[in-house]
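Visitor: The structure that follows is given in the form of structure tokens.
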Amino acid sequence: MKPDPADRPASAPMSAAARCPVCGEFVGAAPRCAQCGAAIETRQSLRIYRIAAILLATVGLALLFAMARHREIPVVRVGEIERSMNFAFVRVRGEAADDARIFRKDGRIEGLRFTVRDETGEIVVRAQRDRAQWLVEHDRVPGAGDGVEAAGSLNVTSDGAALWIQAPDKLVVTRRALPLKRLADIVREDAGRSFRIAGEIVSVRAPRTGSNAPWTAEVRDESGNGRLVFFQSVRDEMADPALLERGARIEARVGVSLYR
């Protein structure tokens, strides 16, 4: 049995607008009475508040998006990276400690890897698939000695830290001319450094079929002999690998390393 509206106590003028005009049930801001189903005429003040709330929410989201898009990405030094910084989006600055290695599979670029060194340490920088492809196509692949500024997310484990590039267009490479060095002048103390060399190929030895061993080439200049070691991925980057044969004159960017 529905209550008689006449039996209800009189409401204050301010609360009358919040009651159903048919049965007197309290409806608040609802568009329809839950008791009798009558449609409630929306008050102008509520409509204004709703529109204002939507506008404020939209503007707030737009401001948050703009701040996230244009905020300055913090620069960290490699030696200051800690486990608590895992997944942080940061920038590192330094120089490429080695030539970037490009990994291919079935003619497609699968990844790219190089090491950035600053005054506090070294960190491995990686890019995968589409990001690595973009870097190669836009000539953003650093060589040993080039200045590098890279932005990405940190992956910090017990084995060390790596920076995964998420925004390839934020990778800045400053090309630097390496000094030309005679083979005889390269000593053990040069390990970890990069130079340019020029000379004549004395011999070339390819790895056996199916092996992951590197190629080796003996090079001679006016000061003496030296050995070049490079992997198949490097040979694939050469404009014409067939020219790498005995008697050919070459100039190469090399990194010096020690083995045993």
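The values are calculated or read from the model by the stated rules, or taken from the named source; none is laboratory data. Being a predicted model, the structure only gives us computed values, none of them experimental. Please note: Cβ atoms are built from the backbone with ideal geometry, for glycine as well, and neighbour counts cover all protein chains shown. The area values use the complete protein model at the heavy-atom level, side chains included, leaving out ligands, DNA and RNA. Shrake-Rupley method; radii C 1.70, N 1.55, O 1.52, S 1.80 Å.
Visitor: Quick check: is even one residue across the range 92-101 surrounded by fewer than 17 Cβ atoms within 10 Å (Cβ to Cβ), out of contact with any strand residue (DSSP E or B) (no Cβ under 6 Å at 6 or more places or on another chain) and of a type in the set (D, E, K, R)?
Guide: no
Visitor: Among (1) open to solvent by 100 Å² or more (accessible area, probe 1.4 Å); (2) closer than 30 Å to residue 139 by Cβ; (3) part of a loop (DSSP other than H, G, I, E, B); (4) modelled with pLDDT of 80 or more, which single condition is residue 72 missing?
Guide: Answer for residue 72: the failing condition is (4).
Visitor: Can you name every residue in the range 242-260 that is open to solvent by 30 Å² or more (accessible area, probe 1.4 Å) and part of a strand (DSSP E or B)?
Guide: Selection gives 249, 250, 251, 253, 255.
Visitor: Here's something else I'd like to know. Return the only residue of 213, 239 being in contact with a Phe, Trp or Tyr (Cβ under 9 Å, 6 or more places away or on another chain), assigned to a loop (DSSP other than H, G, I, E, B) and without any contact (Cβ under 8 Å) to a residue 24 or more places away in the chain.
Guide: None of the others qualify; the one that does is 213.
Visitor: Tell me, which residue of the range 223-239 that is among the polar types (S, T, N, Q) and under 24 Å from residue 103 (Cα atoms) is most open to solvent (accessible area, probe 1.4 Å)?
Guide: Per the criteria, the residue is 232.
Visitor: Let me ask something else. Among the residues of the range 181-217, which ones are closer than 23 Å to residue 143 by Cα and of a type in the set (S, T, N, Q)?
Guide: Residues satisfying the conditions are 194, 212, 216.
Visitor: Return the only residue of 171, 154, 178 being open to solvent by less than 40 Å² (accessible area, probe 1.4 Å), at pLDDT below 90, under 27 Å from residue 131 (Cβ atoms) and of a type outside the set (Ser, Thr, Tyr).
Guide: Within the list 171, 154, 178, the selection yields 178.
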